[in-house]
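Comments concern the structure below.
The values are calculated or read from the model by the stated rules, or taken from the named source; none is laboratory data. All of these numbers come straight from a predicted model, not from anything done at the bench. All Cβ positions, even for glycine, are placed from backbone atoms using ideal geometry, and neighbour counts span all protein chains on display.
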């Protein structure tokens, strides 16, 4: 019998102890509207961007769990789920070593950036435990000092400490996990970026798509219709040509998040992530096709999509919380090069019923991106945006506005539904007044229940861009319906709307100050 050994140094924090997760009484200040002044600042991250840097940081603040002796076959996936569900928003990063059947030092890491502090560290924001502070910091950076910083090419780096070629290639030299019980194989690429070059323009795209290891030198990559990587691959296949590709299974968190969100077509994720890092990424040209690989990544492999050769791929437990996109034939990648660091660390994301080991941080970044895009489109009065983990990041988005004119709420909802970051795989967009904290579901549901007439205040967008991963879709075309919920006070009689029954902020502050000792004694119990 194999036993796993676990080390975890870090204070356990109950939901009631989280300053951002505690219930907000009506009349309290909306934290997203008025983040504390100690919140996020706009500063560059001058450290070397790689997986080991964020692991060291997580350990230094007591947010790293080390597990020795777990099995790649389901155990690691289940452990990742247990940790992600144990304390959402504060779960540790988990580093697996001495994995069954593999030598010590060849490791897997899960949940790298999935707390406020680890995400803030990665992006170079000041440390905070409030996700709404980070959303606003992301939006403020995009409106202010942010500039794309293109990568720079180098000829050496840790990624090419080891290079396997042709017959020596073996994807299973790494402890590729079987993550979910009903997955259709061992998925090597989950926390990854897939690197491709547009044959017409030379644009280099990095996208996050799931990658299964079929055998030692064959992989399958599933890409949802409409995603940039799929559009690039189709250009090669249209001319019956193989499509060069590099799969990087060990990028740092900022590059991974750039690859897994909707960056503008024609902009390389290297430049976008470099802009947030405040310095260019160093890249090394791959041996076969000259594709730029992150010089400090953990693992990468290179080959070609073959236009006329497929294998069954799927199913796989996905971000919606279901086994989605049933088994179907997908193009294979014939792998001819493997690059990796000494003692490599395979990065893993475990999509599952939310929350997941990446969803908290992705909600923060997605919210910041949507906020930036709708303001850039001309929307005024935005006070906050939040994508809820329970909505699988993309399917339940709330925007808070200060209503400035008739139709303002409708405009806000339509812009969220139509902007690039809010359009893919959406379902519900809820627009609330500025006294509602969009990150607080109690607040949001109260607004929906008391300020929304379901007949008059819910509009629908039909045939919107979705995905085979949507559990409500059975067949192509992969389109769904969006609901735009206006949960704001009715514009034409907003000034006559009943007042909120709550202590005024001034009265509450005075009473809290008078009874501070007694209040704290009860809260600490």
Being in the same structural domain as residue 109 (by TED's automatic domain parsing), surrounded by 19 or more Cβ atoms within 10 Å (Cβ to Cβ) and touching a residue at least 60 places away in the same chain (Cβ under 8 Å) narrows it down to one of 131, 158, 177, so name that one.
131
So which of 394, 341, 336, 311 is in contact with a helix residue (DSSP H, G or I) (Cβ under 9 Å, 6 or more places away or on another chain) and more than 19 Å from residue 193 (Cα to Cα)?
394
Going by what's in this entry, would residue 231 be described as within 20 Å of residue 267 (Cβ to Cβ) and either assigned to a loop (DSSP other than H, G, I, E, B) or in contact (Cβ under 8 Å) with a residue 24 or more places away in the chain (or both)?
no
Unmet requirement for residue 186, which otherwise passes all of (1) in contact (Cβ under 8 Å) with a residue 40 or more places away in the chain; (2) in contact with a helix residue (DSSP H, G or I) (Cβ under 6 Å, 6 or more places away or on another chain); (3) closer than 27 Å to residue 229 by Cβ:
(2)
Of the residues 391, 381, only one is modelled with pLDDT of 95 or more and outside the structural domain of residue 210 (by TED's automatic domain parsing); which?
381
Filtering segment 190-218 for residues that are under 25 Å from residue 51 (Cα atoms) and assigned to a strand (DSSP E or B) leaves a count of 13
State yes or no: is residue 187 assigned to a strand (DSSP E or B), under 23 Å from residue 470 (Cα atoms) and at pLDDT 95 or above?
yes
Is it the case that segment 367-382 has a residue that's assigned to a helix (DSSP H, G or I) and closer than 18 Å to residue 448 by Cβ?
no
Restricting attention to segment 153-161, does a residue exist that is in a strand (DSSP E or B) and farther than 22 Å from residue 331 by Cα?
yes
Which of the residues that make up segment 410-421 are under 18 Å from residue 261 (Cβ atoms) and out of contact with any strand residue (DSSP E or B) (no Cβ under 6 Å at 6 or more places or on another chain)?
415, 418, 419, 420, 421
Checking the structure you have, find out if any residue of segment 296-308 is assigned by TED's automatic domain parsing to the domain that holds residue 195, over 21 Å from residue 221 (Cα atoms), in a loop (DSSP other than H, G, I, E, B) and at pLDDT 95 or above.
yes
Find the residue count for segment 261-273, including only residues that are farther than 15 Å from residue 123 by Cα and touching a strand residue (DSSP E or B) at 6+ places or on another chain (Cβ under 8 Å).
1
Can we say residue 347 is in contact (Cβ under 8 Å) with a residue 12 or more places away in the chain, closer than 22 Å to residue 77 by Cβ and not in a loop (DSSP other than H, G, I, E, B)?
yes
Given 377, 361, which one is buried (at least 24 other Cβ atoms within 10 Å of the Cβ) and out of contact with any strand residue (DSSP E or B) (no Cβ under 9 Å at 6 or more places or on another chain)?
361
Exactly one condition in (1) under 21 Å from residue 340 (Cα atoms); (2) surrounded by 19 or more Cβ atoms within 10 Å (Cβ to Cβ) is not met by residue 70; state its number.
(1)
If I ask for residues that are over 21 Å from residue 156 (Cα atoms) and either buried (at least 22 other Cβ atoms within 10 Å of the Cβ) or at pLDDT 95 or above (or both), which ones from segment 270-288 would you list?
272, 275, 276
Quick one: residue 393 ticks every box in (1) under 25 Å from the mean Cα position of the chain (by Cα); (2) part of a loop (DSSP other than H, G, I, E, B); (3) on the phi < 0 side of the Ramachandran plot bar one, so which box is it?
(3)
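Each row is one residue, and each column tells you yes or no for (1) outside any helix (DSSP H, G or I); (2) within 21 Å of the chain's Cα centre (by Cα).
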position: 52; (1), (2): no, yes
position: 55; (1), (2): no, yes
position: 59; (1), (2): no, no
position: 70; (1), (2): yes, no
position: 80; (1), (2): no, yes
position: 84; (1), (2): no, yes
position: 127; (1), (2): yes, yes
position: 134; (1), (2): no, yes
